[in-house]
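The values are calculated or read from the model by the stated rules, or taken from the named source; none is laboratory data. Remember, it's a predicted structure, so these values are computed and weren't measured experimentally. Please note: Cβ atoms are built from the backbone with ideal geometry, for glycine as well, and neighbour counts cover all protein chains shown. For the accessible areas, the whole protein counts, side chains as well, though only heavy atoms, and no ligand, DNA or RNA atoms are used. Shrake-Rupley method; radii C 1.70, N 1.55, O 1.52, S 1.80 Å.
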Amino acid sequence: MKRRNFLKTSGIVTAGSLLMAPSTSFGFPVTADKKRIALVGTGSRGPTMWGKSLLEDYNELIEFVGLCDINPGRLSFAREFMGVSCPVFTDFTEMMVKTKPEILIVTTVDATHDEFIVKGMEMGADVISEKPMTTDEVKCQRILDAEKKTGRKLRVTFNYRYGTLFTKIKEILTENRIGRVTSVDFHWYLNTFHGADYFRRWHGIRSKSGTLLVHKASHHFDLLNWWIDSDPVEVHAYGKLEHYGRNNDFRGNKCRSCQYATNCKFFWDITKNDYYMKLYVANENHDGYIRDNCLWREEIDIFDKMAVQVKYANDVQVSYSLTTYSPYEGLTIAFNGMNGRLDSWQDLPWREQDKVNQAERHVKEMEQNAGENREDFDEIVLSDNFGASQMVHVPKIRGGHGGGDRRLKDQIFRGESIPDPLHHAAGSRDGAMSILLGIAARKSIDEGRSVRIEELTDIKPHVTRGR
Ligand SMILES: NC(=O)c1ccc[n+]([C@@H]2O[C@H](COP(=O)([O-])OP(=O)(O)OC[C@H]3O[C@@H](n4cnc5c(N)ncnc54)[C@H](O)[C@@H]3O)[C@@H](O)[C@H]2O)c1
C-alpha cells in the first residue's frame, strides 16, 4: 500500500459528470402532450419504480391510461397504491385496444415479457421492458423480428449501468487508463437473505426466470458487454443446485404456517411487511402466488452456484461467478490491461470496516458523532504495471440500485435533453446480448460443451458491439 496515492473525493471527476454530450436516440421525445402510458405486471416492481415514483417525478410528462395483471387483487391494490384512476384490465389485448397507449411498460414474470413486448409493438406502442428482455433464444428472436417489422422502439431497463461506481469504471476504461483490457475477473455474492429470496418464488423455476444466469446475471453480463465494449462470442459454464431446493432434510408449506419455523435458518416473517401482506398475501386466493414459499421446494430447478468463462470478439477473456448463499452481499471486479490493472469491490464487510477506520479515525477521535455524518463512497484502485497505485473514491448513493433507477428514468423521460456520452441507454440488441450470454451459459451447463453466441439467434457478435 505504501506507493498508493489516495485521491481526495473532491478531487476526482465524479461518476455523473460525463453525462454531458450529444443526445440519445432511446429517450422518448418530450412533447407538449403527456405521454399515454400503460403498465402490465402490477407486482412489486411495476407499481413502485414504474408507477408511483414515475408519477412523483415526471407527472408533467406522463399519464397512466391502463394497468393490467392476471391477478385482479394485485391490480386494484396497485391502482390505489399509485393513486391513479385509470381503468384496470386482466386482459392485455383489451387494455391495448381500449386505451391505445404510446408507451407500454412490461414488468411481468420474466418468461412472459416477450408476449407483451411483441404484442405491444404490433399494437403501436413503444415498449420499456424490465430486464431480462426474455428467457430463451426463440423468444429473443421473436422480439428482434417484431421490432424490425413494426419500427417501434424497445428499451431494456439496465439500471445497473447508471450506478455511480459502474459509471466511473466505464469512464476510466473509456479513457484507456490501464491500456487495452485483456481479461476481467467478476464475482458477485448474493447473501443468505437476498440470494435465498430468489428461491422462495417464481425465480426458482427455470421455465419462469430462465435461471439466475438470465434473471440476475443478465445485469452483470450487460455491464461486462458495456464495459468491454465488444460482443461475447463463446461461453463455457458450470453450475449446480446444491444448497436450496431438494438439498435439505425438511420442507414446509409457507413460512407463515411452517412447522419448522423455529429451526429453519431461512424462516422469513412476511407478516411484518405491511406492503407485502397487502400486495401478495391478501391476493393469494386469486392465483396461488405464495410470496413466502418454502425455499426447500422439490420443484426448484435452477442453479445456486454458477461459474462462467467468456471469450469476447475483441479477445478479452472473462471469469465470472455468482453465489447465492454468501454471508454478505457484495462484489469484486478486476480488469487486467496491457499497462495496468483496475480493482474494485462493493460492500465487502472488512473493507467497510476499514473505510471507517482509515477515513475517519482522526475525525472520530475529535468528534463524537462523526460516524453519523460520514459521506459514503466506493473505491477503485488503479495500478500502473511499473508505477504507482491510486485510490479513486466514488461517491456512493444508497438505495434505488446505487441511484441508477433515477438516472435511468431521467434519461428515458427527459431523454431529449439528457446527453449520453458513455452510451448508458440500452436497446434491444443490448438486451439480447446480455441474455444470450446467460442462455449460452445455461446451455453449456446442460450440454457440457462450449456454446457460441451465433448459434442462438441471427445476431452476429461484433468486435465493437455491433456499431
Ligand atoms: N431492474 C431491476 O433491478 C429489477 C428489480 C426487480 C424486478 N425486476 C424485474 O421486474 C419484473 C417484475 O418483478 P417483480 O419483482 O415485480 O415480480 P412480481 O412477481 O412481484 O410481479 C410480477 C407480476 O406479473 C404478473 N403476471 C405474471 N404473468 C402475467 C401475465 N401473463 N399477464 C399479466 N400479468 C402477469 C403477476 O401476477 C405479478 O403481479 C421481472 O421481470 C423482474 O426481473 C427488475
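Remarks
- Region 33-95, accessible area per residue, ligands and nucleic acids excluded (1.4 Å, Å²): 38 Å²
- Stokes-Einstein D (µm²/s) once Rh is taken as the Kirkwood radius of region 277-329 over alpha-carbon pairs, at 20 °C in 1.002 mPa s: 142 µm²/s
- On the beta carbon distance between Tyr275 and Arg351, with R0 = 25 Å, the FRET formula returns roughly 0.20.
- For region 115-168, the average shadow cast by the Cα convex hull is 4.2 nm², which is a quarter of the hull's surface.
- Residues Thr192, Thr211 ordered from highest to lowest accessible area at a 1.4 Å probe: Thr192, Thr211.
- Ranked packing of 315-325, 247-257, most packed first, by mean Cβ within 10 Å: 315-325, 247-257
- Calculated log₁₀ intensity ratio I(q)/I(0) where the Debye formula runs over C-alpha points of the chain, q = 0.10 Å⁻¹: -0.79
- Distance from region 204-234 to region 286-352 (C-alpha centre basis), Å: 10 Å
- Furthest towards positive pole of dipole, Leu39, Ala217, Gly151, structure part the chain, Cβ charges: Ala217
- Counted by Cβ distance under 9 Å from Gly431, the other residues give a net charge of +1, where Lys and Arg count +1 and Asp and Glu count -1.
- Accessible area of Arg246 in the full protein assembly, 1.4 Å probe (Å², nearest 10): 130 Å²
- The chain, helix-only ellipticity at 222 nm - DSSP H runs n ≥ 4, -39,500 (n - 2.57), divided by all residues, nearest 500: -9000 deg cm²/dmol
- In region 33-164, lysine pairs closer than 15 Å at Cα, eight or more apart or cross-chain: 11
- The distance from the alpha carbon centre of region 127-198 to that of region 401-458 is 3 Å, rounded to a whole number.
- In Å², nearest 10: area of Arg442 left accessible to a 1.4 Å probe: 30 Å²
- Ranked order, Met123, Met306 - accessible area, probe 1.4 Å, largest first: Met123, Met306
- Net charge in the neighbourhood of Asp57 (other residues with Cβ under 15 Å of its Cβ; Lys, Arg +1, Asp, Glu -1) is +2.
- Residues Lys265 and Arg45, FRET efficiency given R0 of 30 Å [Cβ-Cβ distance, rounded to 0.05]: 0.65
- Residues Trp226, Trp345, sorted by accessible area with the largest first, give Trp345, Trp226 [1.4 Å probe; ligands and nucleic acids excluded].
- Arg152 exposes around 80 Å² of accessible area when a 1.4 Å probe is run over every protein chain in place.
- The value obtained for region 66-134, namely the Cα convex hull volume divided by the number of residues, is 82 Å³ per residue.
- Formal net charge of residues neighbouring Trp188 (Cβ-Cβ distance under 14 Å; K, R +1; D, E -1): -3
- Packing-based order for 231-240, 85-94, using average beta carbon neighbours within 10 Å, highest first: 231-240, 85-94
- The distance between label points at Glu115 and Lys305 comes to 3.6 nm (points 7 Å beyond Cα on the Cα→Cβ vector).
- For region 104-215, the gyration tensor built on C-alpha atoms gives an oblate shape. Its axis ratio a/c (a ≥ b ≥ c) is at least 1.5, and a/b is not larger than b/c.
- Take the Kirkwood radius over Cα pairs of region 177-222, plug it into Stokes-Einstein at 4 °C and 1.567 mPa s, and you get 104 µm²/s for translational diffusion.
- Taking each residue as 0.36 nm, the span from Lys52 to Arg246 lengthens on full extension beyond its C-alpha to C-alpha distance by 66.0 nm.
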